[in-house]
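Asks: The structure is given below, and queries will be raised subsequently.
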Amino acid sequence: MKHADLEAIATRLDGAARTATATPQLEAAISLAHAYAIQRLNIGGRLARGERRIGIKMGFTSRAKMVQMGVSDLIWGRLTSDMLVDDGASIRLGDYVHPRVEPEVAFLVGRRLAGRVGAPQALAAIEAVAPALEIIDSRYENFRFSLTDVVADNSSSSGFVLGPWRSPATDLDNLGLVMAFDGRAEAFGSTAAILGHPLRSLVAAARVVAEAGEALEPGDIVLAGGATAASALRAGIHVSLEVESLGRCGFHVEG
Ligand code: OOG
Ligand code: MG
């Protein structure tokens with residue numbers, strides 16, 4: 001594929017996100033390397049407009065997510081400053097194409113981490129952990145895509161909310177979690193759904209960024225991936241997440 005073709009797809013996906021209008025799936029099958037190249041160009045456009053790269057998100061780290069989307073390989077995307085939604089704030093449904101929300105766990109990186117690392121090394125690099133809600137929004141029509149389509153679309157990254165940061169000593173093994181809409185349970189599960197333990201997602205994150213010639217830097221946020229299937233957002237609801245031992249976070253959805 002020519003650079004201009006990659007650039008054209010990146011611009012189309014960025015435009016779809018900016019105007020909150022769905023775009024058809026990519027016409028031709030592309031390689032995974034090209035999909036990540038498009039993602040990087042797509043993010044490059046956002047950085048050129050003044051956004052900052054603030055971390056990464058991991059995707060398809062739970063069976064529930066893989067089954068829901070029919071995709072079975074781990075993916076990742078880049079998070080920028082404009083994606084961060086304050087805990088308790090409101091988002092506007094009209095700013096998105098067809099947003100969904102999923103319960104996650106976030107890591108705050110304290111020490112540079114990249115390449116093949118073990119769980120103890122990953123744990124030692126964490127400064128804090130927090131409950132998180134990821135707002136995903138595919139720019140593709142009907143929220144349908146192939147693995148390479150979604151990677152090119154920055155792995156559906158769109159927004160995220162973080163709860164209070166907790167000590168990295170908090171044991172993340174098998175913590176119960178409940179995501180609620182207007183106080184009623186919408187999805188529940190366990191942090192163990194994330195690759196058996198969320199720390200494994202951080203280990204994988206260190207590996208995949210290194211493959212792209214990047215690293216997890218101090219101050220970076222890493223979203224470990226949805227622990228349950230994602231739920232569609234509706235106007236007027238309040239979304240909350242409570243993770244055992246970690247705490248809660250939430251946001252409102254306006255029409
Ligand atoms: C792709 C993003 C996957 C996760 O946590 O698994 C993801 C999608 O489902 O649209 O964010
Ligand atoms: Mg996610």
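Laboratory data are not the source of any read-out in this text; all were calculated from the coordinates shown. Just so we're clear, the structure is a prediction, and the values are computed from it rather than from any experiment. Glycine gets a Cβ as well: all are built from the backbone with ideal geometry, and neighbour counts include every protein chain shown.
Asks: Taking neighbour counts of Cβ atoms within 10 Å as a proxy for exposure, in what order, fewest first, do Lys65, Lys57, Lys2 appear? Display every interim value, and only then the final one.
Replies: Details: Lys65 22, Lys57 29, Lys2 7.
Ranked by crowding around the Cβ, least crowded first: Lys2, Lys65, Lys57.
Asks: Here is a follow-up. Could you size up the charge dipole of the range 65-131 around its Cα centre, putting +1 on the beta carbon of Lys and Arg and -1 on that of Asp and Glu, and report it in debye to the nearest 20?
Replies: Details: 7 positive and 8 negative charges, 64 e Å.
Computed charge dipole of the range 65-131: roughly 300 debye.
Asks: Something else about it: Could you pull out every residue, at least 5 positions away or on a different chain, whose amide H is within less than 5 Å of the one on Glu186? Hs are placed 1.01 Å off N in the peptide plane, and Pro or chain starts have none.
Replies: Result for Glu186 returns Met179, Ala180, Phe181.
Asks: Moving to a separate point now. Suppose each label sits 7 Å from its Cα in the direction of the beta carbon; what would the Met66-Asn142 distance come out to in nanometres?
Replies: 2.4
Asks: Mind checking the full-extension length gain between Glu211 and Glu254? Use 0.36 nm per residue of separation minus the Cα-Cα distance, one decimal, nm.
Replies: Values: separation 43, 0.36 × 43 = 15.48 nm, distance 3.93 nm.
The Glu211-Glu254 span can extend by a further 11.5 nm.
Asks: What FRET efficiency, computed as 1/(1 + (r/R0)^6) with R0 = 30 Å and r the Cβ-Cβ distance, is obtained for Leu123 and Asp82, rounded to the nearest 0.05? Write down the numbers at each step before the final one.
Replies: Numbers: r = 30 Å, r/R0 = 1.00.
The computed FRET efficiency comes out at 0.50.
Asks: So, one more: Report the residues of the range 1-31 in range of a label on Ala235: point 7 Å along Cα→C-beta, backbone N strictly under 17 Å from it.
Replies: Once the point is set 7 Å along Cα→Cβ of Ala235, 20-21 turn out to lie under 17 Å by backbone N, inside the range 1-31.
Asks: Restricting to DSSP H runs of at least four residues, report the calculated mean residue ellipticity at 222 nm for the chain, -39500 (n - 2.57) per run over all residues, nearest 500 deg cm²/dmol.
Replies: Details: 6 runs with 67 residues, N = 255.
Taken over the chain, the calculation gives -8000 deg cm²/dmol.
Asks: I would also like to ask the following. Work out, step by step, the length gained on full extension between Ala8 and Arg52: first 0.36 nm times the residue separation, then minus their alpha carbon distance; give nm to one decimal. Walk me through the numbers on the way to the answer.
Replies: Working: separation 44, 0.36 × 44 = 15.84 nm, distance 2.23 nm.
Computed gain between Ala8 and Arg52 is 13.6 nm.
Asks: On alpha carbon coordinates alone, what is the Rg over Rh value for the chain, Rh being the Kirkwood radius?
Replies: Details: Rg = 16.9 Å, Rh = 18.0 Å.
When Rh is taken as the Kirkwood radius, the ratio is 0.94.
Asks: Quick one: putting +1 on the C-beta of Lys and Arg, -1 on the C-beta of Asp and Glu, what dipole do you get for the chain around its Cα centre, in Debye to the nearest 20?
Replies: Values: 25 positive and 29 negative charges, 73 e Å.
Roughly 360 debye, rounded to the nearest 20.
Asks: Summing Lys, Arg as +1 and Asp, Glu as -1, what charge do residues with Cβ under 13 Å from the Cβ of Gly110 carry, Gly110 excluded?
Replies: Working: positive: Arg111, Arg112; negative: Glu127, Glu217, Asp220.
Net of charged neighbours comes to -1.
Asks: Name the residue, out of Ala64, Ala235, Ala180, whose mean-square fluctuation peaks in a Gaussian network model built on the chain with Cα pairs under 10 Å.
Replies: Looking only at Ala64, Ala235, Ala180, the largest GNM fluctuation is found for Ala235.
Asks: Okay, next question. Highest mean first, what order results for 129-137, 225-233 on Cβ atoms within 10 Å?
Replies: Details: 129-137: 25.3, 225-233: 21.6.
Ranking, from highest mean packing down: 129-137, 225-233.
Asks: Moving on to the next point. Say a paramagnetic label sat at a point 7 Å from the Cα of Asp73, along Cα to Cβ; which residues of the range 24-58 have their backbone N under 15 Å from it?
Replies: 29-39
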